[in-house]
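Scroll down for the structure; my scribbles are underneath it.
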Amino acid sequence: MSMRKINYIISTLILALCYFFWTDAAGIRPPAHIYPQTVIAITAFLAFALLIQSIFFPKALIQGKPFEGTKYNRVLTSIIATIIYYFALKTIGFYVTSFFFIIILTWLLGDRSIGLKVFAKLGVLGIVVMGLVYAAFKVFLKVPTPPGILF
Amino acid sequence: MNKKLIAVLLIIGFLLTLGLAGCQKAEEKQQDGGKAEETYPSKDITVIIPFTAGGSSDVQARIVEKYFKEEFGVNMIITYKEGAGGEVGFTELAKSKADGYVIGGLNVPHIILQPLARETEFNIDSFAYIGQMVNDPQLIAVLKDSKYNTLQELIDDAKAKPGQITLGNVGTFSGHHIASLNFMNLTGTEFTLIPYKGAADQIVALQGGHVNAIMGNLNDVMRDLDKYKILGITTEERHYLAPEVPTFKELGLDMTQGITRLFAAPKDIAPEKLARLKEGFENIAKNPEYLKDMEKIGQPEEWKDGEKVYDDLKKEVETATKLLEEYDLLDKK
Amino acid sequence: MLADFLIGFQNALHPMNILIMSLALAGGIAIGTLPGLSATMGVALLVPLTFGMDPATGLLMLGAMYTGAIYGGANSAILINTPGTPSAVCTTFDGYPLTKQGRADEALFTALVSSVIGGVIGTIFLLVATQPLALVSLKFGSPEYFWMAIFGLTIISSLSEGNMIKGLLGGVLGLLLATIGIDPVTGHSRFIFDYRPLIGGITLIPAMIGFFSFAQVLTLVDENQKYLAEYSPNKGVIGKVFGHMLKFSKKNLLRSSLIGTFVGILPGAGGNVASFVAYNEAKRWSKNPETFGKGEIEGVVASESSNNATVSSSLIPLLSLGIPGSPVAAVLLGGLLIHGLQPGAKLFIQTGDIAYTFIIGLIVVNLLMLFVGFLGMRLFAQVLNVPSHYIATIVIVLSVIGSYAIRNNLFDIVIMIVCGIIGFITLKVGFEPGPIVLGLILGTLAEEGFSLSLLMAKASGSMFDTFVARPISAFLIFMCIMAIVSPIYVRVKKSRKNKLENA
């Protein structure tokens, strides 16, 4: 995808966002509506300006294909792992989930070699990191962590 | 291929743990409802404070914490759930498990006004009230060198120039706001109300001369009494922390208004547990050491039992609704 | 007063106090370094510990924690492009590029020295000019805050590297995000689109962790390099940094520290606003502004000296007027009250020994930080010897717990993840996270300033009187105009010069 096309998409998305915000802002009692409506108007104006710039002054844009070479596999793996991690820690508890998360994601992002040694190493990593986090957060700082049934 | 298989296995294992954990949780819940524990409390009690660490509610809770262990034999663990003027924390408490191990601090009139102002997931019936510990009365204050010397002078001037005198508040749909509305309603005046974000901003605005007067809390002006003139205080009788200040009643205005801090549990708490909490908090509230500490932090203490609190809340909801309708501040839904 | 001063001097140097301050500093630096754990939280957590202490010692401990936390944010900002505290956002702009160039220890040490100097300058003002500065802070009403926020927004134009329109768009989108939640004037909810959890609004810290930390993790994962950057400890780094600073940074240090001191006294603004303003001014006055954002040591100097200068000056309204001007000051107020100390002018009169012990102690804390921070720096720099996929995972765990811990709210984790994903995509297409976060920081300030001024204008009957005809407002308006005009002027001048040279 070229920068030009991307800019079209972005401006359209932002204009749509402005539309939703504007309809919601219509219900705000005066004079509190002035500020948000002004901000929305400026946002819409700038999104429109970006559209105009992309159509008529393509030279002003950085050329090239921003998404070229993106390693979608790795990025998506991380995002999905984090989302699963979020739902799991809600039910299971922060420490146990984080331990597994560290092992699994580090393995997935590494060279994915298999062997007792590799997993032992990851296990040690998980224990050490979570030990430190536990010491810092629970013992020293007494910061509450998301509760769950395990730990 | 092999690698992928292992990855899949790992994920399945992980999900299984998740599922197992879920079942366990369900079991735990059942057991909990089954039979009442013999001794309550048998583990630490979490107290939800719906404001930031270091705020007035927190400082007061910290004082309670000092005496909590002695009274209940377990620790009190303060958890902050701030956001949306306390709403996030109130909602959290209303939805908490009513096993007696989660209680929370509530502020009045916040819990009355928020459900009126917008859709909320709690109202005053969502809680079982333990008791009220602080009653911080509202007052009207001006700067020391202000031209107003009495409340009457301020009222007269406001009548002469409707809308031109500014009165600083903290927040909208807050104790300050409702007190100001009540004041304007009773005196037939019209002030321009300026809702500051917090008490600190309000005090800065007053000291810097950006507002003409403030509807403030006793606790906030106590620290520098010699900088202000307090024109009147909204209590039944003269207040023990500021005995020289006339009450609104003496000045012929029938209003008493304050911000009160109470402790409450989720609605469905077992009656015997609630009774234990009430007893314990009352003991703390009457402990002379506690009272000394409260005086140090300048928060006007006033114990009120949970049942009385609830009765008064119901009355307050009515008056507040009427007042807000009169000023057309409720969204018609 | 002199007697109190001397007692304070003696107390502050008591070995026990020095020990406690060092420990609190180390804790503070750790808290600051971890994304999501804020200075406010660190100080609040220590308050109960002070109950059993002598008040002066307790206060010194809190002060050391505060100082350490504000400085600590620089470490993670420089090493992994993740500001540990909002005040360190500007430190990432040049700190991380320096790390990429293999100059991590130079950047880290510069940040440390600048923080110490900023902190000392701020504290000197706290010592000698408390009352006058407190009076200045009172002069700031809603209209002044509004103009200050607008002035802050003009910084975007100098922040946006590539496409100016995209930079501005990022800024206004930040402003728009900040409006979600409860309307500060009417008390009704807005822009939550019937989605309950949004009622608490998009808070700065989870969003910042998302836009910087999580987005950075995704970038790391995408780059797929074995290590973050090359790093080999540089023996002569101390001499090099001191040499550079003595030669080139004196003006920048002084200017940034003064900006920090001044912004710090204003309730509502803080280290985050101060560092943006200082960074912008450093760039404006620099002879080679084009190097900023690409690994310019002076950028680190400006950001770090200004944010640590706010530490002491943010206590000025508290100590002299009894008004807690910042979240940390609010926590300190609680601590003071529990000890039976009355903040405000009385603090200096009735309990002068404690007040001066505290203030002089803050200078000692800053000097101690040079040593404690140096030890920590060595340790933190080891991060660069850890394979980057390990770092990526660990930073995700820290981001999650950090966003949760700020309000104990699971929804904040969602905000963090969503902002991270958006941040990763937008970074690819030319939106920098800096303007977005700046918009978020200034959004509430701008709106409140505007709406309350509007109400004031209604009462006084004149928009002009309220918004413009006030000395500080007029000055800030002038600054805004300058901020917009001067880059254009410089550009025109430059192109003319180029033409002349070419001709």
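For the range A:63-151, list the helices (runs of 4 or more DSSP H) that sit wholly inside it and hold at least 3 residues that are polar (S, T, N, Q) and free of Cβ contacts under 8 Å to residues at least 40 places away in the same chain; which are they?
Result: A:72-91.
Hey, can you tell me all the residues within the range B:293-309 that are assigned to a helix (DSSP H, G or I) and either surrounded by fewer than 17 Cβ atoms within 10 Å (Cβ to Cβ) or free of Cβ contacts under 8 Å to residues at least 12 places away in the same chain (or both)?
Selection gives B:E295, B:K296, B:E307, B:K308.
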* For the range C:325-340, how many residues meet the condition of being under 18 Å from C:P86 (Cα atoms) and surrounded by fewer than 24 Cβ atoms within 10 Å (Cβ to Cβ)? -> 1
* Looking only at the range A:20-35, and only at residues there that are open to solvent by 50 Å² or more (accessible area, probe 1.4 Å) and of a type in the set (F, W, Y), the one that is nearest to the other protein chains (Cβ to nearest Cβ) -> A:F20
* Structure fact -> Note on B:I269: of the conditions (1) within 27 Å of C:P143 (Cβ to Cβ); (2) more than 9 Å from every other protein chain (Cβ to nearest Cβ); (3) aliphatic (A, V, I, L, M); (4) touching a strand residue (DSSP E or B) at 6+ places or on another chain (Cβ under 6 Å), unmet is (1)
* Flag if B:G85 is under 30 Å from B:T187 (Cα atoms) and in the same structural domain as B:V317 (by TED's automatic domain parsing) -> yes
* Asked: Counting just the residues of the range C:231-278 that are hydroxyl-bearing (S, T, Y) and open to solvent by less than 10 Å² (accessible area, probe 1.4 Å), which one comes out nearest to the chain's Cα centre (by Cα)?
  -> C:S275
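Every residue, every condition in (1) in the same structural domain as B:A275 (by TED's automatic domain parsing); (2) outside any strand (DSSP E or B); (3) open to solvent by less than 10 Å² (accessible area, probe 1.4 Å), yes or no:
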| residue | (1), (2), (3) |
| --- | --- |
| B:E119 | yes, yes, no |
| B:I130 | yes, no, yes |
| B:L154 | no, yes, yes |
| B:P162 | no, yes, no |
* Structure fact -> Checked C:G36, C:G84 against criteria (open to solvent by less than 10 Å² (accessible area, probe 1.4 Å), in contact (Cβ under 8 Å) with a residue 12 or more places away in the chain, in contact with a Pro (Cβ under 7 Å, 6 or more places away or on another chain) and assigned to a loop (DSSP other than H, G, I, E, B)); the one match is C:G84
* To do: Might you let me know whether the range B:174-181 holds any residue that is outside any helix (DSSP H, G or I), within 12 Å of chain C (Cβ to nearest Cβ) and at pLDDT below 95?
  => yes
* To do: Answer yes or no as to whether C:G170 is within 13 Å of another protein chain (Cβ to nearest Cβ), open to solvent by less than 20 Å² (accessible area, probe 1.4 Å) and not in a loop (DSSP other than H, G, I, E, B).
  => yes
* Starting from the range C:462-485, take each residue that is hydrophobic (A, V, I, L, M, F, W, C) and list its partners that are not in a helix (DSSP H, G or I), counting only C-beta distances under 9 angstrom and pairs at least six apart or across chains. => C:A469/C:S462; C:I472/C:K139; C:I472/C:F140; C:I472/C:G141; C:A474/C:V468; C:I477/C:V468
* To do: Could you run through the range B:192-206 and say how many residues are open to solvent by less than 10 Å² (accessible area, probe 1.4 Å) and more than 7 Å from every other protein chain (Cβ to nearest Cβ)?
  => 2
* Evaluate the range A:90-112: report whether one residue or more is over 25 Å from C:L177 (Cβ atoms), more than 8 Å from every other protein chain (Cβ to nearest Cβ) and open to solvent by 60 Å² or more (accessible area, probe 1.4 Å). => yes
* In the range B:132-152, which residues are among the small types (G, A, S) and open to solvent by 10 Å² or more (accessible area, probe 1.4 Å)? -> B:S146
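Okay, residues lined up against (1) touching a helix residue (DSSP H, G or I) at 6+ places or on another chain (Cβ under 9 Å); (2) aromatic (F, W, Y); (3) closer than 22 Å to C:V136 by Cα; (4) facing chain A (nearest Cβ under 10 Å):
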position: C:H389; (1), (2), (3), (4): yes, no, no, yes
position: C:T393; (1), (2), (3), (4): yes, no, no, yes
position: C:G439; (1), (2), (3), (4): yes, no, no, yes
position: C:F467; (1), (2), (3), (4): yes, yes, yes, no
position: C:I472; (1), (2), (3), (4): yes, no, yes, no
position: C:A483; (1), (2), (3), (4): yes, no, no, no
* Given A:S78, A:S54, which one is more than 7 Å from chain C (Cβ to nearest Cβ), of a type outside the set (K, R) and open to solvent by less than 30 Å² (accessible area, probe 1.4 Å)? -> A:S54
* Qualifying position, being within 11 Å of chain A (Cβ to nearest Cβ), in contact with a helix residue (DSSP H, G or I) (Cβ under 6 Å, 6 or more places away or on another chain) and not in a helix (DSSP H, G or I), among C:F424, C:F431, C:F411, C:F450 -> C:F431
* Asked: Which one is nearest to B:F281 (Cα to Cα) among residues in the range B:44-64 that are in a loop (DSSP other than H, G, I, E, B) and modelled with pLDDT of 85 or more?
  -> B:D44
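Looking at the range A:63-70, is at least one residue closer than 25 Å to C:E223 by Cβ, surrounded by 12 or more Cβ atoms within 10 Å (Cβ to Cβ) and more than 9 Å from chain C (Cβ to nearest Cβ)?
Scanning the range A:63-70 turns up at least one residue that is closer than 25 Å to C:E223 by Cβ, surrounded by 12 or more Cβ atoms within 10 Å (Cβ to Cβ) and more than 9 Å from chain C (Cβ to nearest Cβ).
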* Asked: Going by the conditions given, is B:D331 surrounded by fewer than 18 Cβ atoms within 10 Å (Cβ to Cβ) and of a type in the set (D, E, K, R)?
  -> yes
* To do: Kindly establish whether C:L375 is within 20 Å of the chain's Cα centre (by Cα), away from chain B (no Cβ under 14 Å), modelled with pLDDT of 90 or more and open to solvent by 10 Å² or more (accessible area, probe 1.4 Å).
  => no
* Can we say C:P471 is under 30 Å from A:Y86 (Cα atoms) and either open to solvent by less than 20 Å² (accessible area, probe 1.4 Å) or of a type outside the set (V, I, T) (or both)? -> no
* Looking at this structure, is B:V142 out of contact with any Ser or Thr (no Cβ under 8 Å at 6 or more places or on another chain), away from chain C (no Cβ under 14 Å) and of a type in the set (V, I, T)? -> yes
* Might you check whether a residue that is assigned to a helix (DSSP H, G or I), modelled with pLDDT of 85 or more and either among the aromatic types (F, W, Y) or closer than 30 Å to B:S174 by Cα (or both) occurs anywhere in the range B:68-77? => yes
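The values are calculated or read from the model by the stated rules, or taken from the named source; none is laboratory data. As the structure is a prediction and not an experimental result, all values here were calculated from the model. Methodologically, a virtual Cβ is constructed for each residue, glycine included, from the backbone with ideal geometry; neighbour enumeration extends over all protein chains shown. Calculation scope for accessible area: heavy atoms of the full protein, side chains included, ligands and nucleic acids excluded. Shrake-Rupley method; radii C 1.70, N 1.55, O 1.52, S 1.80 Å.
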